[in-house]
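Undergrad: Questions regarding the structure given below will be posed in turn.
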Amino acid sequence: MLGRFISLEGGEGVGKTTNIAYIQSLLEANDISVLLTREPGGTPLAEAMRQLLLDKNQEQITEQAELLMIFAARAQHIKYVIKPALEQGIWVLCDRFTDASYAYQGGGRAMDIAAIHWLENFVQGDLRPDLTLLLDAPVQVGMNRATQRGKLDRFEVEQITFFEKVRAAYLALANQQPARIKVVDAAQNLEQVQAQIHRLITQFIHD
């Protein structure tokens with residue numbers, strides 16, 4: 001029996017790191033084997049590309065190069081980490097996946113959605129998450145939290161308008177694919193956020 005694929009999405013400062021660990025604990029409490037991974041990243045090559053993408057001191061990366069690097073890292077991740085785990089019946093829990101490309105490059109950078117869609121099909125074939133939780137909060141709330149964490153990466157130093165476009169793109173995706181993408185109000189306190197997550201994950205496990 002194949003494993004199931006869950007992704008966690010959201011803008012900056014919405015609590016993905018805290019809540020992905022919570023989701024992992026919920027799955028493991030139900031005797032489900034889970035692989036926790038992230039994008040960009042997951043393999044040595046993909047992690048090296050992540051460092052290049054997030055380092056704001058590197059040479060300026062063109063929008064096209066950024067998108068292609070993300071999908072190159074994703075190709076490695078899928079072939080060497082995600083698919084082998086799913087084929088072994090292990091559930092994969094991923095911090096960001098292709099929805100982030102539509103939100104950040106399609107929304108934030110205003111890149112051609114058709115190009116992203118082509119790359120998605122070329123790299124992934126028919127692989128898509130079975131469930132995506134979108135942690136959503138007003139941009140200013142998320143940015144206030146992100147700045148409290150300390151040093152900001154190349155994406156986090158973007159203007160507020162960039163993140164407004166990212167958020168709008170995420171919410172548009174959720175509106176287009178409500179069966180897969182479930183929106184979690186991440187502006188609430190942690191206990192309330194995790195109560196929403198608990199309900200959605202429990203429902204998904206028993207579907």
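The values are calculated or read from the model by the stated rules, or taken from the named source; none is laboratory data. None of these values were measured; they are calculated from a predicted model. Here the Cβ positions follow ideal geometry from the backbone for every residue, glycine too, while neighbour counts run over all protein chains shown.
Undergrad: Filter the stretch 24-46 down to the residues that are in contact (Cβ under 8 Å) with a residue 12 or more places away in the chain and part of a helix (DSSP H, G or I), then identify the one that is farthest from SER7 (Cα to Cα).
TA: LEU45
Undergrad: Let me ask something additional. Name, by its number, the condition in (1) surrounded by fewer than 22 Cβ atoms within 10 Å (Cβ to Cβ); (2) under 25 Å from GLN203 (Cβ atoms); (3) in contact with a helix residue (DSSP H, G or I) (Cβ under 7 Å, 6 or more places away or on another chain) that does not hold for LEU45.
TA: For LEU45, the exception is condition (2).
Undergrad: For residues that are among the basic types (Lys, Arg) and part of a helix (DSSP H, G or I), scanning just the stretch 53-103, find the one that is surrounded by the fewest Cβ atoms within 10 Å (Cβ to Cβ).
TA: Restricting to residues being among the basic types (Lys, Arg) and part of a helix (DSSP H, G or I), the top hit is LYS79.
Undergrad: Let me ask something additional. Step by step: first the residues of the stretch 1-59, then only those that are small (Gly, Ala, Ser) and within 21 Å of ALA75 (Cβ to Cβ), then the one that is nearest to the chain's Cα centre (by Cα). Which residue is that?
TA: SER7
Undergrad: Here's something else I'd like to know. Cβ-Cβ distance below 9 Å, separation of 6 or more or different chains: which pairs start in the stretch 80-92 with a residue that is in contact (Cβ under 8 Å) with a residue 24 or more places away in the chain and end on one that is surrounded by fewer than 15 Cβ atoms within 10 Å (Cβ to Cβ) and in a helix (DSSP H, G or I)?
TA: ILE90/PRO84
Undergrad: Let me ask you something else. Given the condition modelled with pLDDT under 95, surrounded by 13 or more Cβ atoms within 10 Å (Cβ to Cβ), over 17 Å from the mean Cα position of the chain (by Cα) and not in a helix (DSSP H, G or I), answer yes or no: does some residue in the stretch 191-206 qualify?
TA: Scanning the stretch 191-206 turns up no residue that is modelled with pLDDT under 95, surrounded by 13 or more Cβ atoms within 10 Å (Cβ to Cβ), over 17 Å from the mean Cα position of the chain (by Cα) and not in a helix (DSSP H, G or I).
Undergrad: Is one or more of the residues making up the stretch 52-63 basic (Lys, Arg) and modelled with pLDDT of 95 or more?
TA: no
Undergrad: Oh, and also: Look through ALA187, ALA174 and report the one residue that is part of a helix (DSSP H, G or I) and either touching a residue at least 12 places away in the same chain (Cβ under 8 Å) or among the aliphatic types (A, V, I, L, M) (or both).
TA: Among ALA187, ALA174, only ALA174 is part of a helix (DSSP H, G or I) and either touching a residue at least 12 places away in the same chain (Cβ under 8 Å) or among the aliphatic types (A, V, I, L, M) (or both).
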